[in-house]
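As structure tokens, the structure follows; a few thoughts come after it.
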Amino acid sequence: MDLHDVGRAVWERIVPASVPETGWWVLLALAVALVAVAMPPLWRLARPAVTIVHELGHAIIGMLCGRRFTGFVVSADMSGHAVTVGPRRGAGRILSTWAGYPAPAILGTLLIQVALHGWSSTALFAALMILVLSLVFTRSAHTLLVVLATAAGIGAAWWWGSPGLNALITLAAGVFLLLGAWRHLGAVMRGGDRSDDPGQLAQLTPLPAWTWNLGYVIVLATCTWWAGTTLIPQVLGGL
């Protein structure tokens, strides 16, 4: 296979495909996501995906606010942290600190939309590129392995998966990230640690941690509403 053939093969896997007809695959994707979030052994295996998106949410918003992203870590207990360099206080620090918990919900909702509109392969390719680029910012062997494993799984699905399979995987991933965002937020609201994002935001602003948690709930609820308005007709059509 020469470079022209490789380029054509890559392009064919990036452009939007026809949307699979509503049916069993939508219900299967929802079931897979629900089981992955609800069952502790599966949640422990899949949770790093939520953590990676959380940390990259900090990083991306931080860079958009003029901060310098220097690296991130996914710990063995599947918690994580990202480091951006810039002023210790101010809007950039506040926004980058805030961005972690909404990131999985926002990305999950977007994946739900693209999965149901024929853009699954495009989304998988974009996710693969972001993960490959993020490898240079990993700051531990465990983080490197987690990101490599996630990228390998996405890359295999993107290259060898059919449009229907990619739509199923993308939809399941979107629902999983949305539900995982709620589970992550529930954990931090129960914990109330000053080192968690709401606690840090309370130290950076006059607002107490509970107001930031309330803001997270509003964002996640909005994402859930948007996802629901798209998914419910699909689910009813598949029954």
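Numerical summary
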{"item": "Two-decimal ratio, the chain, of alpha-carbon radius of gyration to 2.2 N^0.38 Å", "result": "1.04"}
{"item": "Solvent exposure ordering (accessible area, 1.4 Å, most first) of Thr211, Thr109", "result": "Thr211, Thr109"}
{"item": "Leading residue at positive end of dipole, the chain (Cβ point charges), from Ala221, Gly164, Phe176", "result": "Ala221"}
{"item": "Charge dipole (debye, nearest 20) of the chain; +1 at Cβ of Lys and Arg, -1 at Cβ of Asp and Glu", "result": "700"}
{"item": "Solvent-accessible area per residue, Å², over the chain with all protein chains present [probe radius 1.4 Å]", "result": "51"}
{"item": "Largest-first principal axis extents of the Cα set of the stretch 1-131 (Å)", "result": "50, 43, 26"}
{"item": "Alpha carbon centroid spacing (whole Å) that separates the stretch 38-113 from the stretch 182-204", "result": "13"}
{"item": "Tyr101, Tyr216, reordered so the largest accessible area comes first (probe 1.4 Å)", "result": "Tyr101, Tyr216"}
{"item": "For the stretch 103-196: rounded, prolate or oblate by the Cα gyration tensor [a/c cutoff 1.5]", "result": "oblate"}
{"item": "His54, His81, ranked by accessible area, largest first (probe 1.4 Å)", "result": "His81, His54"}
{"item": "GNM top mover of Leu214, Leu201, Leu165 - the chain, alpha-carbon springs below 10 Å", "result": "Leu214"}
{"item": "Span-rule helices in the chain, defined as complete DSSP H runs reaching 30 Å or more along the axis (Cα) with Kyte mean at least 0.0", "result": "40-64, 163-191, 209-238"}
{"item": "Residue with peak Gaussian network fluctuation, the chain [Cα springs, cutoff 10 Å], from Ala187, Ala49, Ala151", "result": "Ala187"}
{"item": "Contact order relative to length of the chain, as percent, for alpha carbon pairs under 8 angstrom and 6 or more apart", "result": "28"}
{"item": "For the stretch 58-136, alpha-carbon Rg and Dmax in angstrom", "result": "14.3, 43"}
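The values are calculated or read from the model by the stated rules, or taken from the named source; none is laboratory data. The structure presented is a predicted model; accordingly, all values stated were derived computationally and were not measured. Note that we place each Cβ from the backbone using ideal geometry, even for glycine, and neighbour counts take in every protein chain shown. Note: accessible area is taken over every heavy atom of the protein model, side chains too, but ligands, DNA and RNA are not part of it. Shrake-Rupley method; radii C 1.70, N 1.55, O 1.52, S 1.80 Å.
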